[in-house]
1. If you add up the charges near G150, with Lys and Arg at +1 and Asp and Glu at -1, over every other residue whose beta carbon is less than 10 angstrom from its beta carbon, what do you get?
2. Just report the Cα centroid separation between region 337-360 and region 129-206, whole Å.
3. Quick one: if the Förster radius is 45 Å, what FRET efficiency do Q434 and E639 give, using the C-beta to C-beta distance and rounding to 0.05?
4. Sorted by mean Cβ packing within 10 Å, highest first, what order do the peptides 116-129, 221-234 take?
5. Return the aspartates and glutamates within reach of K219: Cα separation strictly under 12 angstrom, same-chain partners fewer than 8 residues apart disregarded; answer none if there are no such residues.
6. What order do you get for 380-391, 328-339, 512-523 when each peptide is scored by the mean count of other beta carbon atoms within 10 Å, highest first?
7. So, R0 is 25 Å and r is the distance between the beta-carbons of K404 and Q383; what FRET efficiency does that work out to, to 0.05?
8. Just list whichever of K518/K597; K477/K683; K54/K120 have alpha carbons separated by over 28 Å in the model shown.
Amino acid sequence: MTTRETVFSQIKKSGHVPILPEILLRLLEACDNESTPLTKVASLIDKDPSLSYKVLQLVNSAYFGLRTTYSGIDQAVVYLGANSVKNMAVTAAVHQVFDVERFDSLKHFDIHSFWYHCLKCATLSRRIAEQTGLANPEDAYLAGLLHDLGRLVLVSVFTEQYESVLAGISEETDLLSEEKDLIGATHAEVGDWLIRDWNLSSLIADTIGYHHEHLENIKQALPLVKIIYLANLLSKPGDNSPLFETAEALLGISADDLQEICEGTKEEILQISSELGIHIQITAGPGEEGQTERVVSDAAAVQTALASRIKGITLLSGFLENVAQADDSDKMLQAFEQSMQVLLGIDQVILLLPDRDNVLLIGRTSESNKLYSLSREFVLPVQKNSSRVVAAYLSKTVDYLSLKHEPENLADRQVLSAFNCPEVALIPLVAEQQEVGVVLLGLPIPSKKMSKDDYRLIRTIAQQVAVGLHLENIKSKKAEEIELERKAAISMTARKFAHEVNNPLGIINNYLTSLKLKVSDNEGIQEELTIISEEIQRISSMINQLDIFTRTSFAPAELVDINVVIADIVRLVKSSFFTGSDAALAFEPDSSLPQIKTSSDGVKQILINLIKNGYEAMADGGTVTIRTGPDLGHQQDQEPRILITVSDDGPGLPDEVREKLYKPFVTTKGIGHSGLGLSIVHKGVEDLGGRISNFSGQEGGTRFEISLPRA
């Protein structure tokens, strides 16, 4: 025979007990609405014995390790917070959706009738406590609500056995003995054990354990046990007049007072049931049967609604996870667009995000969005703008553009026209009370016909996107600050280095001057010494400009023949790098190029770095080729430019290197290389008013294109 301890052990290992689905739906809705006060959440929970059981079990569990035991639902909900309660409700709803067949198979247990009986007992208990003043009304309510908790647990854990229990009883008095025989413990014992296991009040445990005791024993009990005992009897269907003497004997309540308590309870229960969409049918019966009560609910419709709700939560969780895991803004936008399409059928989505200075709102979509090209045309000034799009962004308030009420602002009318739908929703993106952007959604149906769930989905996902974009902005600004600090540190080090290096360079230059005087009769040596002297002067000038990241690197521009400058570089570099090497250096000038106004020192520094990089990339030999010509890629209405191309036959650059190509201290060459070369090249090209582009093919080879203005 199964012992009571075995029953308790099996209950501890079990999980779910059913909750009234109507209350579960209301609770999920309440938790989804950020403006719902916790008192409203608590008022829903304390209408259901299973929810109350779960909340008290959670708040008094070892996980929280509280020194104080919570016995009030209000206090427990405030301590747990809305998120914990929502997680609990979602978990319960998932179990309930998937366990529906197990409970539907029960012929002798109805969750709605059970709920009605418990709520009626709780309400009666509170009113009796208030009438008599013999117990705390809130304790009385909780005890009444949980008095049959054991039945709910037994039907959940021992489903088949309990069905046999209910099928075998002929009178209420037989219930406890049937439970004991077929399961091993009564529902009164189970409820008593659970309350004590949570370390709740022993007086509440007593009310559950003794609510089926003989009347003579109850007369000797403390008031709370008497109250629950009487309330349990009053909450059963039938005529209450035989209980007038019992009420008088137990608690000294007159027949008139008891009648008033019962009438008030009936009105309160009917009001609660109506709010939940549950209909209570009360009919008058003949003779001693008095009134009969029947709970009517469209269980199938409620179950379908609950299943739909869980499906929405599941899908929403998946999309929120996609948004949260997106590692850049483009992927974030794509995840948001997909969520709008799949969950709501909205396929027209454009985000307007502020520029760095918050001067303009600029359209953004993912590249896969059909409105990608159109979004680039959506540019709105933020200040002194009458657009409702901008107003939604600044006020952080949802708004709509509608064909029924044509907007006064021309840009708003153009937005409506571009979306080609009756209504465009303007959903502000806000994170940490800061404006992040605004979403434009082309609604497939008018906003008035959208459900609360649809609004909830849009708001929830948009909030996640706002947080993601906000964090992306913070990361970007932080990276820029770090980069500026790095460049400042480089410049400071460079200035110290320049001070130390200029001394030996000055000495070398003095020796060269002396040497030139000694070989004044040899023109060949004089010419070579002049070249060396010029290069030393250039090196000195470069060193003095080493704080490249904080100021312009080169001397004022002058008219130069770019082909002559490059020819000098080629002659100098060939003898330094390419002599005795498998690598070659080729120069293909365009002789038709006119002179340009630029810094010859700047061009030399840029090209020497690029040629050196190309040479070092070709470990197995190859050719570094320099070409000059007009830049044919610029717009016709712009100033003419020239193009210098430096290409090599090396292995090419992987994508991860190209992403950080111009950052200082980033190198793939290993020990002995500073990683400054290309960052200096990039800064130098910018200082000359130019642009630099890099191309690297899959089959190898790297090409740099430098576009310089003619003036």
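1. Neighbourhood net charge equals -3.
2. 54
3. About 0.65, to the nearest 0.05.
4. Per-residue Cβ counts within 10 Å, averaged per peptide and sorted highest first, yield 116-129, 221-234.
5. Here the aspartates and glutamates satisfying the reach criterion relative to K219 are E248.
6. Packing order, densest peptide first, comes out as 328-339, 380-391, 512-523.
7. Between K404 and Q383 the formula returns 0.25.
8. Exceeds cut-off: K518/K597.
Every read-out reported here was derived from the displayed coordinates using simple, explicitly stated rules and does not represent laboratory data. Bear in mind the structure is a predicted one, so any value in this text is a computation, not a measurement. Methodologically, a virtual Cβ is constructed for each residue, glycine included, from the backbone with ideal geometry; neighbour enumeration extends over all protein chains shown.
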